[in-house]
Amino acid sequence: MFSGLIRYRGLVMKGGGGTLVVRCEGVESEHPQLGDSIAIDGVCLTATAIDGEAVSFDVVPETLACSTLGDRVAGDVVNVEYSLRVGDRLGGHFVYGHVDAAARVLTRTSEGQGERLRVESPPSLATMIAPKAFIALDGVSVTVAATGNGWFEIALIPETIERTTLRARPPGSLVNLEVDAIARYIANRDSL
């Protein structure tokens, strides 16, 4: 489980398919072990090899189908979040790293000292995205500012723009989208 508060970045060393290798910031302070969960751009992955700052992950077809990880190539910068430990401060929201879809960035506009990002709302997830609800984009915990027919918006503060890869997602690019777990359970309550 993760908080959606991104402290580290990573540099993809090998990508584009079944194995992803990322040079991860924070390895020395976080001490990941083989088998640990690490979120890469919001996708919960299992560390299969660790060599200094280089962490390897197996990426299965299901993950490739619903996320942007298959598009990641050497040189891409990604968000890195190590899993929460008991007693850690939780300042974002619970993020599981179970990405629901890759969604397209529609527009970016300046707003005050930040930006407003409009993202497509996949039809299958639209009922789970509501104003003032939590959502995770590329693993970043954000609040939905507005919704409309086929889209939702988030307001990015300068800190989020500076610290995360959301600053480098122009219109037309894809972001990993995870809806709030509570919304997912409510929407699927009849099938539980």
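Looking at this structure, is Arg104 farther than 25 Å from Met128 by Cβ and basic (Lys, Arg)?
No; evaluated as a whole, the condition is false for this residue.
Pick from Arg116, Arg184: which is under 18 Å from the mean Cα position of the chain (by Cα) and more than 24 Å from Val78 (Cα to Cα)?
Testing whether each residue is under 18 Å from the mean Cα position of the chain (by Cα) and more than 24 Å from Val78 (Cα to Cα) leaves just Arg184.
Would you say Gly4 is farther than 20 Å from Phe94 by Cα and either assigned to a loop (DSSP other than H, G, I, E, B) or small (Gly, Ala, Ser) (or both)?
Answer is no for this residue.
Conditions first: (1) of a type in the set (Lys, Arg); (2) out of contact with any helix residue (DSSP H, G or I) (no Cβ under 8 Å at 6 or more places or on another chain); (3) within 28 Å of Ser29 (Cα to Cα). Arg167 passes all but one, so which condition is the exception?
Answer for Arg167: the failing condition is (2).
Answer yes or no: is there a residue in region 123-138 that is of a type in the set (Ser, Thr, Tyr) and within 22 Å of Met1 (Cβ to Cβ).
Checked region 123-138: no residue is of a type in the set (Ser, Thr, Tyr) and within 22 Å of Met1 (Cβ to Cβ).
In this structure, is Val80 closer than 25 Å to Cys24 by Cα and without any contact (Cβ under 8 Å) to a residue 40 or more places away in the chain?
no
All but one of (1) touching a strand residue (DSSP E or B) at 6+ places or on another chain (Cβ under 7 Å); (2) closer than 22 Å to Ala168 by Cβ hold for Leu64; state the number of the condition that does not hold.
The one condition Leu64 does not meet is (1).
In the list Ala168, Ala155, Ala145, Ala133, which residue meets the criterion of being small (Gly, Ala, Ser) and under 15 Å from the mean Cα position of the chain (by Cα)?
Sole residue among the options that is small (Gly, Ala, Ser) and under 15 Å from the mean Cα position of the chain (by Cα): Ala168.
Which of the residues that make up region 16-61 are in a helix (DSSP H, G or I) and either in contact with a strand residue (DSSP E or B) (Cβ under 6 Å, 6 or more places away or on another chain) or not aliphatic (A, V, I, L, M) (or both)?
Once the filter is applied, which keeps residues that are in a helix (DSSP H, G or I) and either in contact with a strand residue (DSSP E or B) (Cβ under 6 Å, 6 or more places away or on another chain) or not aliphatic (A, V, I, L, M) (or both), region 16-61 yields Glu28, Ser29, Glu30, Pro61.
Results for (1) under 19 Å from Ala181 (Cα atoms); (2) of a type in the set (Phe, Trp, Tyr); (3) surrounded by fewer than 18 Cβ atoms within 10 Å (Cβ to Cβ); (4) in the same structural domain as Arg163 (by TED's automatic domain parsing), shown as yes or no for each residue.
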site: Pro61; (1), (2), (3), (4): no, no, yes, no
site: Gly75; (1), (2), (3), (4): no, no, yes, no
site: Val105; (1), (2), (3), (4): no, no, no, yes
site: Ser121; (1), (2), (3), (4): yes, no, no, yes
site: Pro131; (1), (2), (3), (4): yes, no, yes, yes
site: Thr143; (1), (2), (3), (4): yes, no, yes, yes
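Being modelled with pLDDT of 95 or more, under 17 Å from the mean Cα position of the chain (by Cα) and not assigned by TED's automatic domain parsing to the domain that holds Cys66 is true for just one of Leu90, Leu177. Which residue is that?
Within the list Leu90, Leu177, the selection yields Leu177.
Scan region 18-29 and tell me whether some residue there is surrounded by 19 or more Cβ atoms within 10 Å (Cβ to Cβ), charged (D, E, K, R), in contact with a Gly (Cβ under 7 Å, 6 or more places away or on another chain) and outside the structural domain of Val175 (by TED's automatic domain parsing).
Looking through region 18-29, none of the residues is surrounded by 19 or more Cβ atoms within 10 Å (Cβ to Cβ), charged (D, E, K, R), in contact with a Gly (Cβ under 7 Å, 6 or more places away or on another chain) and outside the structural domain of Val175 (by TED's automatic domain parsing).
The values are calculated or read from the model by the stated rules, or taken from the named source; none is laboratory data. Fair warning: this is a prediction, and the values are worked out from it, not measured in the lab. Methodologically, a virtual Cβ is constructed for each residue, glycine included, from the backbone with ideal geometry; neighbour enumeration extends over all protein chains shown.
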